[in-house]
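Chemist: Let me give you the structure first, and then I'll get to my questions.
The values are calculated or read from the model by the stated rules, or taken from the named source; none is laboratory data. Everything numeric in this text was worked out from a predicted model, so none of it was measured. Quick reminder, even Gly has a Cβ in these numbers, built from the backbone with ideal geometry, and neighbours come from all protein chains shown.
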Amino acid sequence: MTKYDLIVVGGGVMGTFCAYHALRKGKSVLLLEKDAQPYAASFRNFGQVVPSGQALDEWFDYGRKSLEIYESIQAVTDISMVQKGSWYYASDEDELMLLEEIAVLFAERNYPCSLHTASECLVLNPSLNKDYVKGGLFCSAEASVNPLVLTHRLRSFLIEHLGLHYQSLSAVNGITQQNGINKVSTASNQHYFADKVIVANGKDTQFLFPEHYPSEDLKISKLQMLRLSPQRRVFESNVLTGLTIRRYDSFKSCPSFSSINTSAEQQLLQSYGMHILFKQAQDGSIILGDSHEYVPAHHQADFGFELNTAINELMLNEAKRIAHLDNWQVSASWAGFYMQGTNTEVFTKTIDESIHIVNGIGGKGMTTSAGFTASFIEQCYQQ
Ligand SMILES: Cc1cc2nc3c(=O)[nH]c(=O)nc-3n(C[C@H](O)[C@H](O)[C@H](O)COP(=O)(O)OP(=O)(O)OC[C@H]3O[C@@H](n4cnc5c(N)ncnc54)[C@H](O)[C@@H]3O)c2cc1C
């Protein structure tokens, strides 16, 4: 019988970074993933690493720490990190005011950013629509990663260099304790043993301790995304736009946030949780999104199984107001799902002292998981 120091359930970005930090503490770690290749939220997102969007508390710091961690790993192995900054474009005077106010808040925190007039933005990126852009803010330290490869490459690196043990096709369906040791059982009747277990199972909470994920504390978000055909490079950086300025937590710290005006058109898009982000991938394709719909934890069937074509149309129409592109042909559209704390930034729970649930990081997992899990692993090992 092999006994590990730690078994991590769930091969998404959160589980993989828990494994990373525990391995760096010298722990022996087994990572169990239910699918042949994990393909949940961590693999179907934008891959924007944007601390600038996070609440200006410890989550902003987790984002900055994540950038450092991504950089340090990228220096030794290619995890697809590209550090070309993020642009926020304001579409009206209210959003412009928020950009000016947040620039002050970032300066107070020594977070590099620069404000630009509309004409500077248009010179720097002639693909932007002059009727849309009223000004911009550039956050130069920010990065993007390719979600299709990041977590897979990190896992391979951990296996090769830090001794991570990994089993795919291992759907964990039971964790019991025997003589103070955790026995982790899978649907294929394999049993593994560890002193500690971390459960980072994303939205699939119905199979393991469902009673510990109260639907009043956790909700599931469905996001619709589009990919436009490969084309001439127009976006080097992450691109975030007016409705993002109105949506992201950091802007809620701006003095004027509560008094901004919202047009009927903006309200319609906001009713679908919509804001427009662009990211141009290495192959020239442009990822465009997104929208947000919500159901309580365990109720994902309420989403049905279809993509809402009206939402895709609304996103495309709004995107066409923002930029001129050579090719608006949609080559793929998909939905991604993540768990989000209802009233908390992340959901953690400890069962029987040595089983730790970590979930509900919401729409900021690619930006903050690497930094957050460093603290989370420390806490787990203080208990
Ligand atoms: C469309 C979309 C766009 C996004 N864009 C961004 C962005 O640009 N920037 C950003 O910071 N964040 C973004 N996010 C958020 C980010 O993707 C999530 O916060 C993050 O991926 C959550 O990671 P996770 O590991 O908690 O969950 P997941 O990625 O869902 O991973 C959970 C894993 O656990 C496995 N699992 C579940 N149950 C079991 C079991 N019983 N046994 C074994 N394995 C199990 C699953 O198969 C899965 O692989 C986006 C999310 C979406 C959906």
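Chemist: Would you point out which residue out of Q48, Q54, Q74 is more than 14 Å from the ligand (Cβ to nearest atom) and not assigned by TED's automatic domain parsing to the domain that holds V234?
Modeler: The unique qualifying residue is Q74.
Chemist: Also: Which numbered condition in (1) of a type in the set (S, T, Y); (2) away from the ligand (no atom under 16 Å from the Cβ); (3) without any contact (Cβ under 8 Å) to a residue 12 or more places away in the chain is the only one that Y39 fails?
Modeler: Single failed check for Y39: (2).
Chemist: Quick check, is T367 of a type in the set (S, T, Y) and within 22 Å of the chain's Cα centre (by Cα)?
Modeler: Against the criterion (of a type in the set (S, T, Y) and within 22 Å of the chain's Cα centre (by Cα)), T367 qualifies.
Chemist: Can I ask one more? Specify which of the listed residues (V76, V104, V123) is surrounded by fewer than 19 Cβ atoms within 10 Å (Cβ to Cβ) and under 28 Å from A19 (Cα atoms).
Modeler: V76
Chemist: Shifting gears a bit: Name every residue in segment 347-379 that is in a loop (DSSP other than H, G, I, E, B) and either near the ligand (Cβ under 9 Å from one of its atoms) or exposed (fewer than 14 other Cβ atoms within 10 Å of the Cβ) (or both), in order of residue number.
Modeler: D352, E353, G360, listed by residue number.
Chemist: A further question follows. Would you confirm whether or not segment 280-301 contains a residue that is within 24 Å of M339 (Cβ to Cβ), more than 22 Å from the chain's Cα centre (by Cα) and more than 15 Å from the ligand (Cβ to nearest atom)?
Modeler: Yes, the conditions are met somewhere in segment 280-301.
Chemist: Okay, next question. Could you tell me whether any residue of segment 140-160 is out of contact with any strand residue (DSSP E or B) (no Cβ under 6 Å at 6 or more places or on another chain) and aromatic (F, W, Y)?
Modeler: Yes, there is a match, as at least one residue in segment 140-160 is out of contact with any strand residue (DSSP E or B) (no Cβ under 6 Å at 6 or more places or on another chain) and aromatic (F, W, Y).
Chemist: For T342, all conditions in the list (1) in contact with a strand residue (DSSP E or B) (Cβ under 8 Å, 6 or more places away or on another chain); (2) within 15 Å of the ligand (Cβ to nearest atom); (3) over 27 Å from Q177 (Cβ atoms) hold save one; what is the number of the exception?
Modeler: Unmet condition: (2).
Chemist: Here is a follow-up. Would you point out which residue out of Y132, Y166 is over 30 Å from E345 (Cβ atoms) and of a type in the set (S, T, Y)?
Modeler: The conditions single out Y132.
Chemist: Can you name the condition, by its number, that A323 falls short on among (1) aliphatic (A, V, I, L, M); (2) out of contact with any His (no Cβ under 9 Å at 6 or more places or on another chain); (3) within 16 Å of the ligand (Cβ to nearest atom)?
Modeler: Of (1) aliphatic (A, V, I, L, M); (2) out of contact with any His (no Cβ under 9 Å at 6 or more places or on another chain); (3) within 16 Å of the ligand (Cβ to nearest atom), only one is false for A323: (3).
Chemist: Mind checking which pairs have a first residue in segment 250-274 that is over 14 Å from A90 (Cβ atoms) and a second that is in a loop (DSSP other than H, G, I, E, B), Cβ under 6 Å, 6 or more apart or different chains?
Modeler: Hits for this filter: S250/Q54; S250/L56; S253/L56; Y272/S291; G273/S291; G273/H292; M274/S291.
Chemist: Name every residue in segment 186-204 that is under 30 Å from D302 (Cα atoms), more than 9 Å from the ligand (Cβ to nearest atom) and either of a type in the set (F, W, Y) or crowded, with 16+ Cβ neighbours inside 10 Å (or both), in order of residue number.
Modeler: Within segment 186-204, just I198 meets the criteria.
Chemist: Next question, about the same structure. May I ask you to list the residues in segment 227-243 that are buried (at least 22 other Cβ atoms within 10 Å of the Cβ) and out of contact with any Asp or Glu (no Cβ under 7 Å at 6 or more places or on another chain)?
Modeler: L228, S237, V239, L240, T241, listed by residue number.
Chemist: How many of the residues in segment 331-346 are touching a Lys or Arg at 6+ places or on another chain (Cβ under 9 Å) and exposed (fewer than 15 other Cβ atoms within 10 Å of the Cβ)?
Modeler: 3
Chemist: Would you check which residues across segment 89-113 are touching a strand residue (DSSP E or B) at 6+ places or on another chain (Cβ under 8 Å) and of a type in the set (V, I, T) and list them?
Modeler: Once the filter is applied, which keeps residues that are touching a strand residue (DSSP E or B) at 6+ places or on another chain (Cβ under 8 Å) and of a type in the set (V, I, T), segment 89-113 yields only I102.
Chemist: When you go through H298, H275 one by one, which is the residue that is modelled with pLDDT under 95, assigned to a loop (DSSP other than H, G, I, E, B) and buried (at least 16 other Cβ atoms within 10 Å of the Cβ)?
Modeler: Going through H298, H275 in turn, just one is modelled with pLDDT under 95, assigned to a loop (DSSP other than H, G, I, E, B) and buried (at least 16 other Cβ atoms within 10 Å of the Cβ): H298.
Chemist: Has segment 61-72 got at least one residue that is of a type in the set (S, T, Y), within 24 Å of S221 (Cα to Cα) and in contact (Cβ under 8 Å) with a residue 40 or more places away in the chain?
Modeler: Yes - at least one qualifying residue is present in segment 61-72.
Chemist: Looking at L23, is it in a strand (DSSP E or B) and more than 7 Å from the ligand (Cβ to nearest atom)?
Modeler: Here the answer is no, as L23 does not meet what is asked.
Chemist: Which of the residues that make up segment 89-121 are in a helix (DSSP H, G or I), over 26 Å from the mean Cα position of the chain (by Cα) and more than 17 Å from Y248 (Cα to Cα)?
Modeler: E93, A118, S119, E120, C121 - these are the residues of segment 89-121 that are in a helix (DSSP H, G or I), over 26 Å from the mean Cα position of the chain (by Cα) and more than 17 Å from Y248 (Cα to Cα).
Chemist: Something else now. Pairs, please: C-beta under 6 Å, at least 6 apart or cross-chain, first residue under 10 Å from S188 (Cβ atoms) and in segment 165-176, second surrounded by 18 or more Cβ atoms within 10 Å (Cβ to Cβ) and modelled with pLDDT of 95 or more?
Modeler: Cβ pairs passing all conditions: Q167/L32; S170/L32; S170/T186; A171/K34; A171/T186.
For every residue, the table says whether it meets (1) of a type in the set (D, E); (2) in a helix (DSSP H, G or I); (3) not assigned by TED's automatic domain parsing to the domain that holds E95.
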position: V197; (1), (2), (3): no, no, yes
position: K203; (1), (2), (3): no, no, yes
position: R227; (1), (2), (3): no, no, no
position: Q231; (1), (2), (3): no, no, no
position: V234; (1), (2), (3): no, no, no
position: I245; (1), (2), (3): no, yes, no
position: T262; (1), (2), (3): no, no, no
position: Q267; (1), (2), (3): no, yes, no
position: Q270; (1), (2), (3): no, yes, no
